[in-house]
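Visitor: Here's a structure for you.
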Amino acid sequence: MIKQIEFKPRGDERGSLIALEVNQEIPFSIQRIYYIYGTKPDVSRGFHAHKNLQQVIFAASGACDLLLDDGVTKQTIRLDSPEKGILINGVVWREMHNFTPDCVLMVLASDVYDESDYLRDYDEFLNWIK
Ligand code: TYD
């Protein structure tokens, strides 16, 4: 399942603030936060799916393209606002392309890092979801 989430900015004359709370904007218990930044020009990342992980992904700064592929349908979403999050729940192949130099891509995850949860080969991914 892929769902776009609009985060509500609590802006005032000083600027903006977004709060993300478990059981509110984030529908799982956050066990890990990581962020990708300083991505070099023309570098693409990702190229994997997860067997059991839930994630919310957003660009806190800058922008990148998030390609999501459930094995049947591919869609590309431009993450270009700290107010726009994507929830990924299920076995979805993801790739990130076209990073702006200032992109800080935030990932909130439902579990700690576990290499055995990764499907890093596209054919293995297709077999897994069959
Ligand atoms: P990698 O999976 O290649 O990043 P991406 O697929 O998003 O482009 O991860 C880069 C390195 O960081 C790799 O050696 C694994 C390590 N890593 C962790 O140690 N913990 C983590 O939570 C993540 C996401 C990666």
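The values are calculated or read from the model by the stated rules, or taken from the named source; none is laboratory data. This is a predicted model, so every value here is computed, not measured. No Cβ is skipped: glycine too gets one built from the backbone with ideal geometry, and neighbour counts run over all protein chains shown. Side chains are part of the model used for accessible areas, which takes the heavy atoms of the whole protein and leaves out ligands, DNA and RNA. Shrake-Rupley method; radii C 1.70, N 1.55, O 1.52, S 1.80 Å.
Visitor: Given the conditions (1) open to solvent by 40 Å² or more (accessible area, probe 1.4 Å); (2) in contact (Cβ under 8 Å) with a residue 60 or more places away in the chain; (3) farther than 25 Å from residue 29 by Cα; (4) not aliphatic (A, V, I, L, M), and given that residue 99 satisfies all but one, which numbered condition is not satisfied?
Guide: Going through the list (1) open to solvent by 40 Å² or more (accessible area, probe 1.4 Å); (2) in contact (Cβ under 8 Å) with a residue 60 or more places away in the chain; (3) farther than 25 Å from residue 29 by Cα; (4) not aliphatic (A, V, I, L, M), residue 99 breaks only (1).
Visitor: Being within 20 Å of residue 110 (Cα to Cα) and either among the aromatic types (Phe, Trp, Tyr) or open to solvent by less than 30 Å² (accessible area, probe 1.4 Å) (or both): is that true of residue 92 here?
Guide: Yes.
Visitor: Now for a separate question. What residue, of 91, 112, 107, is away from the ligand (no atom under 14 Å from the Cβ) and within 23 Å of residue 30 (Cα to Cα)?
Guide: The conditions single out 91.
Visitor: Any chance segment 55-77 includes a residue that's within 11 Å of the chain's Cα centre (by Cα), farther than 30 Å from residue 11 by Cβ and within 14 Å of the ligand (Cβ to nearest atom)?
Guide: Yes; the residues of segment 55-77 include at least one that is within 11 Å of the chain's Cα centre (by Cα), farther than 30 Å from residue 11 by Cβ and within 14 Å of the ligand (Cβ to nearest atom).
Visitor: Report yes if some residue within segment 19-42 is aromatic (Phe, Trp, Tyr), under 12 Å from the mean Cα position of the chain (by Cα), within 16 Å of the ligand (Cβ to nearest atom) and within 29 Å of residue 116 (Cβ to Cβ); otherwise report no.
Guide: yes
Visitor: Could you say which residue among 49, 60 is under 25 Å from residue 19 (Cβ atoms), at pLDDT 95 or above and of a type in the set (Gly, Ala, Ser)?
Guide: 60 is the lone residue from the list that is under 25 Å from residue 19 (Cβ atoms), at pLDDT 95 or above and of a type in the set (Gly, Ala, Ser).
Visitor: So, one more: Could you check segment 14-70 and list, in sequence order, the residues that are closer than 22 Å to residue 81 by Cβ, open to solvent by less than 70 Å² (accessible area, probe 1.4 Å), charged (D, E, K, R) and outside any loop (DSSP other than H, G, I, E, B)?
Guide: The answer is 65, and nothing else.
Visitor: Scan segment 1-13 for residues that are open to solvent by 80 Å² or more (accessible area, probe 1.4 Å), in a strand (DSSP E or B) and out of contact with any Leu (no Cβ under 9 Å at 6 or more places or on another chain) and report the count.
Guide: 1
Visitor: Mind listing whichever residues of segment 102-130 are under 20 Å from residue 65 (Cα atoms) and open to solvent by 50 Å² or more (accessible area, probe 1.4 Å)?
Guide: 102, 120, 122
Visitor: Given segment 75-116, what strands (runs of 3 or more DSSP E) lie entirely inside it while holding 1 or more residues that are under 20 Å from residue 40 (Cβ atoms) and not hydrophobic (A, V, I, L, M, F, W, C)?
Guide: Here the list reads 93-97.
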